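The values are calculated or read from the model by the stated rules, or taken from the named source; none is laboratory data. Not measured: the values here are computed from a predicted model. Cβ placement follows ideal geometry from the backbone for every residue including glycine, while neighbour counts extend to all protein chains displayed. Protein only, heavy atoms only, side chains kept; ligands, DNA and RNA dropped before computing areas. Shrake-Rupley method; radii C 1.70, N 1.55, O 1.52, S 1.80 Å.
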Amino acid sequence: MISWFQDLRYAMRQLRKSPGFTITAILTLAMAIGANAVVFSVLNGLILRPLSVPDAQSLYTLERASDKETNQSYPDYLDLRDRNHSFDGLAAYRVNQVALNTGEGLSMEWSIETSGNYFDVLRIRPYLGRFFHASDEHGPNSAPYIVLSYAYWHSHFHDDRGVLGRNVQISRHLFTVIGIAPPEFRGTIVFLSPNFFVPMVNHEQLDGISDLSDRARRWVFMVVGHLKAGVSVAEATADLNSIGSYLEKTYPKDERQAGFVLGRPNLLGDQFAPGVQAFIAGLMLLAGLILLATCANLGSLFTARAADRSREVALRLALGSSRKRILRGLFTEAVVISLVGGAIGLWASVLFLRRLSEWQPFGNFPMHTPVNPDATVYGLAVLLSLVSGLLFGSVPVRQVLRTSPYEVVKSGTAVRVGRPITGRDVLLAVQISLCAVLVTASLVAVRGLMHALHGNFGFEPQHAMLVGADLNTAGYTGDRVAPMQKRMLDALAAIPGVESVGLTDALLLNDSIGSNVFSDGSTDLRPSNAAAGAYVYHISPEYLHAEGTTLVSGRSFTWHDDKNSPRIAIVNREFARKIFGSGTNAIGGYFKMPDGTRIQVVGLTENGKYNTLTEEPHAAMFLPILQWPSNSAWLVVRSSRAPEQLGAAIRSTLNQLEVALPVVIEMRLDEIGGVLFPYQMASVSLGVMGGMGAMLAVTGIFGMAAYSVSKRLRELGIRIALGAQRKELLKAALGRAFKLLAFGSAVGLFLGILASRVLAFIVYQATPRDPLVLAGVVLAMALLGLLATWIPARRALSVDPAILLREE
């Protein structure tokens, strides 16, 4: 024990003697350990850590086998709940934004509409008060209750227990606060933190739409439940599929797929989880590469340090010290550096993760990122620190074991100049290769983000603003809706600087609703006979112009296209191709809706992105909102005015029309932020890792170049005395460093190209074969090489032979 303590004191003394080396090594390792801790915390929080519900391991969500979608109709949910034999219970819920008035004015808040048995199925107990139950439901609008989330109760009601029994207004209807959810419960979607929970049977009061019994409308967001003890996933799937077959036979005209699979609810099941898992797995791989490059860098530095101390090691051996004791001292230094670096990296990662967990990138959407580190993350950081220290500390072992005290004392150095390949060369080549992979990945990410931001959406989000208005809350229903919508459009169009205003019931790249369509000659309108599935948008006449969507041919809608006019539609190119064979045959052609309505095509638009950026071309149709009335009132305002001025003018104008109208105003580009978010995160993440790789490349090349110059000063002095030119000096001093840079960069670029499939999971339209990426990697690595060798090159060129000879 005493000897270990002596080794620790000696290691600390040696590290204090070389502050530059010590600080560089510690900060380099802190960067790598911190990067791995951050990425693993995200992996742990979003995927590995179970939901904060009892028995989370047995909780599953129902997905359609064909497309992994989780949406169901409410009547289908009731059949699945009552007919299955595999679950202890099935609960349904949907995410919704509603107008809430707690006595301090209207505000748009995010809620979760749930089935009455939601809390019972999840086995959650209230923090305060009680929850609503299935026994509270007695038909539509029969359970006007609200359960607040703990966070919302804390922030808006300041932990006031007297809130229980208080009435609040939701969409102009009174609801009674009956309970507070426990602090750790935020629902069953890990990135969502709703403000409150309300019963789904009151859907008509909440949304102003009476479609609770509509079996064809799949507005129930997700169905979850605990498997019964002893029931396997395969048995439950077979049970659900038998119910799906029954529903398809009993209700053949309603759109559904009979097959089911079970998924985990954390990340919206298999429709969302694979992309997140692939993204984080890719980041983990790159973070691991950073750690390997760091270990290679530190191993190279430790080898150089051992070479510098070769005379000291030889003297200790000559005086009777054992090689084991010397190696133990080297490992002690390495472990001290690794533990200090790991502690600093973990501390920095904890600060970053705390900020990340509080991040709200989507305006008023209640984003929750459960990435705060736990014991697993701390344990991983300690393990990585110890393994890294042992790894790079073991690099000079062979060098120490082969040290000859006699040769070192006689020659004054243990370095053998002129060896074709040394261990330090291999380590540096590996490090440069790994860093080139990281630089390649970062440049691919930047190009992917450029593709995402400047790709063809089918609409132009720049210079457009969105206005969400809840007409139902303001008391506009039935025949009063359309005139109010027209008044709103006219009022906003009159604002100075507004170019056009349009209205839609669903937003592109946000909340698209699909429907089957049939050819004009079809008589059997069952889903299996559909000619295509298409996204449906009910729009006002000026909507396409306001969105910046190009009308390729035909005409746009007018205010004369109302209920008394023939049914018409504008379709995109993909719709025309699937239904009519080409766009030229679409204008004037007819198709049918699932209810048999015959519709004529009057216009053709370009294809766009309707659900995700990576989707294949999909059919879409636009229908006149006067022929298909909707309470939804998303207004798109196109203007070149400053957003702050325009937003204030819009709010003032709508308040003059109707003071009780809840309004949400945001930029169109911000609204699609959820779609762009993964690509922005990928670009930032890979950009940071590419920067780390660049820093490691610079330090590694600099270390080797500086070491090479310092060990060959006498040789360089002799060359200068004999008349060597500057070019020859640089070649002699730095030639090997440049060769390793070129070789390592080529290998890294090749590996980056091979990793294109991995990058494709992370970055939109990713390809390292992009000429700009290839050129960027070559240029970046060349600049890094020049930066790293600048100081050693100047030192080599400034050698004074006279001073060296006097020192000899």
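Select from segment 522-559 the residues that are among the aromatic types (Phe, Trp, Tyr) and either within 24 Å of Arg668 (Cα to Cα) or in contact with a Ser or Thr (Cβ under 8 Å, 6 or more places away or on another chain) (or both) and list them in ascending order. Spell out how you get there, then give the answer.
Start the filter on segment 522-559 by keeping residues that are among the aromatic types (Phe, Trp, Tyr), which leaves 535, 537, 543, 557, 559.
The answer is Tyr535, Tyr537, Tyr543, Phe557.
Only residues in segment 119-138 that are touching a residue at least 60 places away in the same chain (Cβ under 8 Å) count as the first member; pair them with residues that are among the basic types (Lys, Arg), Cβ under 7 angstrom, at least 6 apart or cross-chain, and list the lot.
Taking only residues 6 or more apart or on different chains, not a single pair turns up.
Which one is modelled with the lowest pLDDT, of the residues in segment 722-759 that are polar (S, T, N, Q) and over 17 Å from Ala296 (Cβ atoms)?
At the first step, the residues of segment 722-759 found to be polar (S, T, N, Q) are 725, 745, 756.
Filter again for over 17 Å from Ala296 (Cβ atoms), leaving 725, 756.
On the way: Gln725: 75, Ser756: 63.
Here the residue is Ser756.
Per-residue answers, yes or no, for (1) at pLDDT 90 or above; (2) farther than 29 Å from Asn266 by Cβ:
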| residue | (1), (2) |
| --- | --- |
| Arg123 | yes, no |
| Gly129 | yes, no |
| His133 | yes, no |
| Leu148 | yes, no |
| His154 | yes, no |
| His158 | yes, yes |
| Leu164 | yes, yes |
| Asn167 | yes, yes |
| Ser171 | no, yes |
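What's the number of the condition Asp561 fails, among (1) surrounded by fewer than 19 Cβ atoms within 10 Å (Cβ to Cβ); (2) more than 27 Å from Gln462 (Cβ to Cβ); (3) of a type in the set (D, E, K, R)?
Among (1) surrounded by fewer than 19 Cβ atoms within 10 Å (Cβ to Cβ); (2) more than 27 Å from Gln462 (Cβ to Cβ); (3) of a type in the set (D, E, K, R), Asp561 violates only (1).
Looking only at segment 211-230, filter to residues that are out of contact with any Phe, Trp or Tyr (no Cβ under 8 Å at 6 or more places or on another chain) and within 28 Å of Ile124 (Cα to Cα); which one of those is most open to solvent (accessible area, probe 1.4 Å)?
The extreme case among them is Ala229.
At pLDDT 75 or above, open to solvent by less than 40 Å² (accessible area, probe 1.4 Å) and part of a helix (DSSP H, G or I), is that true of Met689?
Numbers: at pLDDT 75 or above: yes; open to solvent by less than 40 Å² (accessible area, probe 1.4 Å): yes; part of a helix (DSSP H, G or I): yes.
Against the criterion (at pLDDT 75 or above, open to solvent by less than 40 Å² (accessible area, probe 1.4 Å) and part of a helix (DSSP H, G or I)), Met689 qualifies.
Starting from segment 560-579, take each residue that is within 16 Å of Ala619 (Cα to Cα) and in contact (Cβ under 8 Å) with a residue 60 or more places away in the chain and list its partners that are open to solvent by less than 80 Å² (accessible area, probe 1.4 Å) and among the charged types (D, E, K, R), counting only C-beta distances under 7 angstrom and pairs at least six apart or across chains.
Asn572/Glu606
Identify the single condition in (1) more than 19 Å from Leu29 (Cα to Cα); (2) over 27 Å from the mean Cα position of the chain (by Cα); (3) open to solvent by 20 Å² or more (accessible area, probe 1.4 Å); (4) at pLDDT 75 or above that Leu390 does not satisfy, given that it satisfies every other one.
(1)
Mind listing just one residue for me: the one in segment 624-657 that is part of a loop (DSSP other than H, G, I, E, B) and among the hydroxyl-bearing types (Ser, Thr, Tyr) and, of those, surrounded by the most Cβ atoms within 10 Å (Cβ to Cβ)?
Ser632
Taking the condition open to solvent by less than 10 Å² (accessible area, probe 1.4 Å), touching a strand residue (DSSP E or B) at 6+ places or on another chain (Cβ under 7 Å) and of a type in the set (A, V, I, L, M), does Ala530 pass?
Details: open to solvent by less than 10 Å² (accessible area, probe 1.4 Å): no; touching a strand residue (DSSP E or B) at 6+ places or on another chain (Cβ under 7 Å): yes; of a type in the set (A, V, I, L, M): yes.
No.
Six or more apart or on different chains, Cβ atoms under 6 Å: show the pairs whose first residue is in segment 498-523 and among the polar types (S, T, N, Q) and whose second is buried (at least 17 other Cβ atoms within 10 Å of the Cβ) and in a loop (DSSP other than H, G, I, E, B).
Pairs found: Ser500/Glu542; Ser512/Ala506; Ser512/Tyr610; Asn516/Glu255; Asn516/Ala530; Asn516/Pro594; Ser519/Ala531.
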